[in-house]
Amino acid sequence: MNWHSEEIEKVMKDTDAKPSGLSREAVDIRLVEYGENVLPGKKKKSALLLFLYQFKDFMTLVLIAAAIISGVIGEMIDTVIILVIVFLNAIMGFVQEYRAEKALDALKKLSTPHTTVLRNGIAVNISSTQLVPGDIVLLEAGNLVPADIRLTESFSLRIEESALTGESVAVDKVTTVIKEIDLPLGDRLNMVYKGTVVTNGRGRGIVVATGMNTEIGNIARLLQEPESESPLQIRMADFGKKLSYLILVICILLFAVGLLRGEEPLKMLLVSISLAIAAIPEALPALITIALAKGAKRLVKKKALIRKLPAVETLGSVTYICSDKTGTLTQNKMKVKQVDPVPVKVTMGEHISFLEGSMLLNHDVLKSSDGKWLGDPTEIALVDHLFEKYSETELKNFTDSYKREAELPFDSDRKCMTTIHRFNDQFIAISKGAAESIQSLLKKEEPIEKILQDASDLSKEGMRVLAYGYRILDSIPVPLSYEIIEQDFYFSGLVGMIDPPREEAKAAIAECKTAGIHIVMITGDHPETATAIAREIGILEPGGLVITGKELKLLSEEELDDKVEKIRVYARVSPNQKLDIVRSLQRKKHFVSMTGDGVNDAPSLKASNIGVAMGITGTDVSKEASHMVLMDDNFATIVKAVKEGRRIYDNIRKFVKYIMTCNSAEIWTIFLAPLIGLPIPLLPVHILWINLVTDGLPGLALSSEKAEKHIMQRPPRPSGESLFAQGTGYHVIWVGLLMAFITLSTQAWAIHDKHAHWQTMVFTVLSLSQLGHVFAIRSEREFIYSAGIFSNKPLVVTLLFTFMLQLAVIYVPFANRIFKTEPLSLTELFICVLMSAIVFHAVELEKWVKKRVKKKPA
C-alpha cells in the first residue's frame, strides 16, 4: 500500500491507531492476526537428510552398485575402496551445503532488540518483536528503525537508508503527504523503513507494516528463492548425465557380446564392473574441489574472500558485471569538486575568498583527539577542501577573527543552516543549503533564475550542490528566529560536491572490456549522478542507455529482454528490479555477476551467477547472500579474480582432458581385449589405483599450472560451451585409442613371448603412459621443452612420486598381495617405460600439427 500518499488521519483510521497508543488487549489481538515482528526462515533440511542427499547423483549410485556386486562375487578389497571413495565425496558435499545458507539468519539480526512505543498513553520500552500495525513508535538518533513507519512528527530527523536504497547521504524526513504514488523508496520522505538507522533528530510515527510485510521482509522473501547454478556446476551436471548413459550402454553391450561369444556370465559381469569403474572418473570431483580451494587461497592474498567454492571458476565465465555505485565504483566519501564564487560587496580576510570564508565559518565539524574530523559527511568534505588548500594556522586565524555568536541549525523544512558571526562593528549571517532553499531567502534583485540554472547544470554533472548567501546585521535580534534572520540575503556562490570514483575503477573497467565483459551500473542514486559517474569511469559510452526504476517498471518482461543488453546505467531502482535485471540477462544466456553492499542488494547477489559483496562497507546480509567478498571494497580486485577464475577453468579443462583420456584408454582396453581374443587385461583394483593415484595426484598438480598467455585478451566462454569444446573431445578419443593400442600390443606381445607377468606389464604401461600424457598437456599450445620442463615444479615432483609409488606396487610383497601384481625384470620394466613414452611424444606432435594447420590460412 502507498502509505506515503495518504493523509495522517487516513493512516490512523486504516491501521486503527490511537494518538495515545494501543491497549494491551488490542496488541494481543493484532499479534494473533499479523504475527510477531520477525523474519521467519524457510524450513531447512535436517543434517541427516542433507547427508543422504549427497548420494542421489547417478554416477555415485553406479559406483555403489559396482561395490555391492564386487562384494557378492568375492572382491571385498574393491568393495571397501569404492565405498570409502563414495563416502569421502559425500562428506565433502555435505560440509559445503551445510554452511551455505545463512542469509536469512543475518536478516533476522537486523531486527532492533527493543524500541520505545506508546501504550495506553505511556512510553514503554518493549522488544521490537512485539510491535504491531497501529503502534505509535518514538524514534531518536542512534535507533535502528524497528518496522515500516509513516511519520507523524519529524524534528531534524535524518535516516541513513543506504542499506535499502544505496544512497550514501542520510535523508531528511518530513511528515507532509507526498501525492505521487509510484515512487522509489528513497523518495518516500515521510516514511521510515525497518533496518534503516536514525542518524539525527527525533520523530514519531505509526507502524504500518511488520515482519515479512515490511520492505526488508520482501527482500527476505526474495532470498528464499533458489540460487542459480555456477557454469561449472551446469557443465559438470551435463557431463555426468551423458557419461552415465554412455557407461550403461557400453556395459550392457559388452555383457551381451560376451554372452553371445559363449563367455561365462560371472566372468562377463566382472568385466562389465571393471568397465564401469574405468569409465567413472572417481578422482574428478575431489580434484575440482581441491583446485577451487587452492584458487580461493590465492585470491585471499589478493583481497578476495571466496565463500562458495564454485565462485572461483564462475568469475572466469561472467559476461556481465552489474555493479552497485556507492562504495563499489565510488569512494563513498563526499569531495568538493567545484567552487563557483560570485562578486560580493564585502570582504573577509586577505587570501581566502568570501565563499571559502563562508564554507569555513558555516559548519559544525569538530576534530577528534586522534586528528579525525567528526560530523556530517557533507560538511567534512567542505572542511577537508579548505585544509588541503590553506595551512591550519591561516584557517585558525580566520575563524578567530569572525567568532560565532549565534546559530539557526539545519532542519528538514527549511533545508538550510545559518550561522551569525562578528563582522567588524556589525554581524554577518551566513546561510548554506539547497539552491532552492537559499534562493527563497534572497533579495528580489538577485539573479534567481540564473542561480537555479547554474545549480541544475552542476547537478547534471553528478554533483550535490550547496548554495551560499549572506546578510549584514547591525545587531542580533532577541528572540532569534528564522523568520526575522533568513530574508534579504545576497547570493555568494555555489559549491559542487561528488562521491568521486575509485582511482582503480577506470583501469579495471577498461580491462574488463578487453576481456569481453560488459559493466553495468545499478544504483538507487539519482540518474544525473549515476550518468556522470558512469561516463567518467568508462561504463557509459555512445549507444549505451540510461533508465530509471520508474521507466523500468513500465517495461514488460519481453521489452526488458529486448533492451537489457544495451542498458548501461539503472538509477533509482528497487530490490525487485535489481533481481529482474539479473534474471533478464540470464534469460539472454549471460553469466551475471552482481556486486553490492546493502540489504537491497542481497536478493540479486544471491540470484546472480556470482554475487560479490563489499567486505568493509557491506552489511552482514549482503555478505551472507554473496559468493565472494571483496576485503578491500575495490572493484579492481574483481579483475584479478576474473583472471584467476579463467586460469582455474583452463586447469579444470586440463583435468577433464587428462582424466577422461585416461578413462577412455581404460574403456577401450577392457572393451577391445575380449573382442580380439585377449583375456581381461586389468582387474577392478588396478583400475581404481590408476583412477585415484595415477590420475589423481598428477591431476591435482595441474592446478598449479600458470595462466596461459593473453588470458585476459580473449572473450568469455560461450554460455553453452561444453567441457569438450576446442578439440578436447577429439583428443580424448584419439589419445585414448593410442594408449589402448599400446597397452593391448604390450599384452599380446607379453602373452606371445610367454611372460608370466603380462598383467603387471599391462598395468604398468597404462599407468606410465598416463604420466607422460599429463606432462604433455600442461599447455595446449606451447611445446613443453620450450615452455620449460620445470615451470610447474609441483607437477614434476608429483610425477616422480607417482612413479615411485608404481614401482612400490610392482616390487613390494605386501602391495603384490593387495594389487595382485608380480615383480618385473629390469628388461620388462625398460620395455614398459619405452612403450609408455610414445604417448608423450604423440601429444607434442599434435601441437605441432595444430600450429601448422593454423598457419596455412594466413
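The values are calculated or read from the model by the stated rules, or taken from the named source; none is laboratory data. Computed from a predicted model, the values in this text were never measured in an experiment. A quick note on method: Cβ atoms are made from the backbone with ideal geometry, for glycine too, and the neighbour counts reach across all protein chains shown. When the accessible area is computed, the model is the full protein with side chains, heavy atoms only, and any ligands, DNA or RNA have been set aside. Shrake-Rupley method; radii C 1.70, N 1.55, O 1.52, S 1.80 Å.
Tabulated data
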item	result
Unique residue being over 21 Å from LEU315 (Cβ atoms) and touching a Gly at 6+ places or on another chain (Cβ under 7 Å) when the list is ILE498, ILE567, ILE509	ILE498
Matching residues, segment 603-647, being outside any loop (DSSP other than H, G, I, E, B), open to solvent by 10 Å² or more (accessible area, probe 1.4 Å), more than 22 Å from SER317 (Cβ to Cβ) and out of contact with any strand residue (DSSP E or B) (no Cβ under 8 Å at 6 or more places or on another chain)	ASP620, GLU624
Tally, over segment 126-166, of residues that are in a loop (DSSP other than H, G, I, E, B), among the aliphatic types (A, V, I, L, M), open to solvent by less than 20 Å² (accessible area, probe 1.4 Å) and touching a residue at least 60 places away in the same chain (Cβ under 8 Å)	3
Residue check, TYR468 out of contact with any Cys (no Cβ under 7 Å at 6 or more places or on another chain), farther than 21 Å from ASP525 by Cβ and surrounded by 15 or more Cβ atoms within 10 Å (Cβ to Cβ)	yes
Which numbered condition ASP413 fails, given (1) within 19 Å of VAL171 (Cα to Cα); (2) in a strand (DSSP E or B); (3) in contact (Cβ under 8 Å) with a residue 40 or more places away in the chain	(2)
Single match in GLY496, GLY524 (criterion: within 19 Å of VAL169 (Cα to Cα) and outside any loop (DSSP other than H, G, I, E, B))	GLY496
Verdict on GLY211 being touching a Ser or Thr at 6+ places or on another chain (Cβ under 8 Å), modelled with pLDDT of 70 or more and more than 30 Å from GLY71 (Cα to Cα)	no
Those residues of segment 806-825 which are buried (at least 16 other Cβ atoms within 10 Å of the Cβ), touching a residue at least 40 places away in the same chain (Cβ under 8 Å) and assigned to a helix (DSSP H, G or I), in sequence order	GLN806, VAL809, ILE810, PHE819
Some residue of segment 570-577 being more than 23 Å from the chain's Cα centre (by Cα), among the small types (Gly, Ala, Ser) and modelled with pLDDT under 90	no
Helices (runs of 4 or more DSSP H) enclosed by segment 657-769 - at least 3 residues per element that are among the aliphatic types (A, V, I, L, M) and open to solvent by 10 Å² or more (accessible area, probe 1.4 Å)	728-752
Residue count, segment 203-214 (criterion: farther than 16 Å from THR176 by Cα, over 33 Å from the mean Cα position of the chain (by Cα) and open to solvent by 10 Å² or more (accessible area, probe 1.4 Å))	1
Counted residues, segment 772-787 - those being open to solvent by less than 20 Å² (accessible area, probe 1.4 Å) and of a type outside the set (Val, Ile, Thr)	5
Positions within segment 826-858 being among the hydroxyl-bearing types (Ser, Thr, Tyr) and touching a residue at least 60 places away in the same chain (Cβ under 8 Å), in sequence order	SER836
Segment 548-572 residues that are at positive phi, paired with ones that are in a helix (DSSP H, G or I) and open to solvent by less than 100 Å² (accessible area, probe 1.4 Å) (beta carbon under 7 Å, 6 or more apart)	ARG572/GLY186; ARG572/PRO527; ARG572/GLY549
Set VAL169, VAL208, VAL177, VAL198: member being over 27 Å from ARG30 (Cα atoms) and either part of a loop (DSSP other than H, G, I, E, B) or not small (Gly, Ala, Ser) (or both)	VAL169
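Residue-by-condition table, conditions (1) small (Gly, Ala, Ser); (2) closer than 30 Å to ASP324 by Cβ:
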{"residue": "CYS416", "(1), (2)": "no, no"}
{"residue": "SER431", "(1), (2)": "yes, no"}
{"residue": "LYS444", "(1), (2)": "no, no"}
{"residue": "ASP457", "(1), (2)": "no, yes"}
{"residue": "ILE472", "(1), (2)": "no, no"}
{"residue": "LEU480", "(1), (2)": "no, no"}
{"residue": "ILE484", "(1), (2)": "no, no"}
